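Inspection log for the structure reproduced underneath, given as structure tokens.
The values are calculated or read from the model by the stated rules, or taken from the named source; none is laboratory data. Remember, it's a predicted structure, so these values are computed and weren't measured experimentally. Cβ sites come from the backbone with ideal geometry, for glycine too, and all protein chains shown count toward neighbours. What goes into the accessible areas is simple: the full protein's heavy atoms, side chains included, and nothing from ligands, DNA or RNA. Shrake-Rupley method; radii C 1.70, N 1.55, O 1.52, S 1.80 Å.
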Amino acid sequence: MLSLKNLLRRKVRTLLTLLGVAVGVAAVVVLSAFSAGMARGFSGVSETGDADLLVSQKDALMILLGAIDEEVGEEIAALRGVDEVAGTVIGILSLPETPYFLVAGEEPRGFALARYRLVEGRRIAARRELMLGRQAAANFKKAVGDKFRINEISYTVVGIFETGASFEDNGAVIGLDDAQRAFDKRRQVSYFKVKLDDPRQRDAVKAAIEERWPELAATRSGDPSSQDEILQLFGSMGWVLGLFAILVGGLGMMNAQLMSVLERTREIGVLRALGWRRRRIVAMILGEALLLAGLGGVLGLAMAVALLRLLSRSAALGGFLSGTLEPSALAQSVVIAVVLGLVGGGYPAWRAARLAPVEAM
């Protein structure tokens, strides 16, 4: 194959260009997987679960960052159609072992605690007790009966749970009173979960809550909220950051192809003199660029898979990553490789086609 032979004539340059493309593809795929995992983690925490409605602060950037007076929950519980209200406090810590650690404060006797499926031990029932997520227990090497410190306060691990939400499975649950003290939210909660007598009354209760408290928003699981825009930003963050890697890879490929065209000026002139048309010259140069991009894409995909599997085992980032690639990531890597090939080979191919046979020779 002519394109492959041309690439092998400059092995070192081809290898360096190949690595540049591979790093660009791997960076975009890993960053996209990371940002998508972050979005899933945040959305999983705010799932209503067994609740019919979730009541949050309307102007809060994220549901987890809201602050609502605890008395509001008592007033919501008095509304017609409301069976039970459970307040939750969310705090995110930075520990030496991990840059993020989510701690949820739940009422030990509230219905919201049922969403944490126990795999070992029991649920919290008193102060200074703590339940650890399954992944957090593995990362911190903790078992039922061990001690765990939060903000210099020691808690006893009484249970290990899992919910399927990455943030929660890498975090912990303590009593609501303990969380309010630990995160300086005395008599406040991050949001309320509301259970109704009849789920068919959701719309009526939702309207009643938002009419009485205009600063609050009552939503159902799956309903759009102000948090969705932030989660969409997380989901696309990998592409934005990866554009820089694509730019570097594209410029590297363009430079390599331009150097190849300049070194083969006389050769291209001979081909033109032998009757090669411009479109054939363009096809040859673009073929080399696309072949190089394709090989780099395959290598980058392999690098991304290896890196994701490695990072998924770490305590710091494991909660965001599953260790496997989704079909969308595979399609993403193919698109990136093709774009790099077209961008990196387009201008050199055009320049080669513009060479006049006599001047080139």
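Considering only residues that are open to solvent by 20 Å² or more (accessible area, probe 1.4 Å), in contact with a Ser or Thr (Cβ under 6 Å, 6 or more places away or on another chain) and in a helix (DSSP H, G or I), look in segment 288-338 and name the one that is modelled with the lowest pLDDT.
Here the answer is L291.
Just to confirm my filter: which strands (runs of 3 or more DSSP E) fall fully inside segment 49-115 and include at least 3 residues that are not hydrophobic (A, V, I, L, M, F, W, C)?
Fully inside segment 49-115 and qualifying: 82-95, 98-106.
Given the conditions (1) in contact with a Ser or Thr (Cβ under 7 Å, 6 or more places away or on another chain); (2) under 16 Å from K193 (Cα atoms), which single one is not true for G81?
(1)
Among the residues of segment 206-230, write down those that are at pLDDT below 60, open to solvent by less than 40 Å² (accessible area, probe 1.4 Å) and among the hydroxyl-bearing types (S, T, Y).
S225
What are the residues in segment 145-162 that are in a loop (DSSP other than H, G, I, E, B) and small (G, A, S), if any?
G145
If I ask for residues that are open to solvent by less than 70 Å² (accessible area, probe 1.4 Å), at pLDDT 90 or above, of a type outside the set (G, A, S) and touching a helix residue (DSSP H, G or I) at 6+ places or on another chain (Cβ under 6 Å), which ones from segment 105-149 would you list?
E106, E107
Could you tell me which numbered condition D169 fails, if it satisfies all but one of (1) under 26 Å from the mean Cα position of the chain (by Cα); (2) closer than 24 Å to A218 by Cα; (3) of a type in the set (D, E, K, R)?
(2)
When the residues of segment 174-215 are filtered to those that are assigned to a loop (DSSP other than H, G, I, E, B) and touching a strand residue (DSSP E or B) at 6+ places or on another chain (Cβ under 6 Å), which remaining residue is farthest from V55 (Cα to Cα)?
Among residues in segment 174-215 that are assigned to a loop (DSSP other than H, G, I, E, B) and touching a strand residue (DSSP E or B) at 6+ places or on another chain (Cβ under 6 Å), the one farthest from V55 (Cα to Cα) is F183.
If you scan segment 54-100, which residues turn out to be over 28 Å from the mean Cα position of the chain (by Cα) and acidic (D, E)?
Hits for segment 54-100 are D69, E70, E71, E74, E75, D83, E84.
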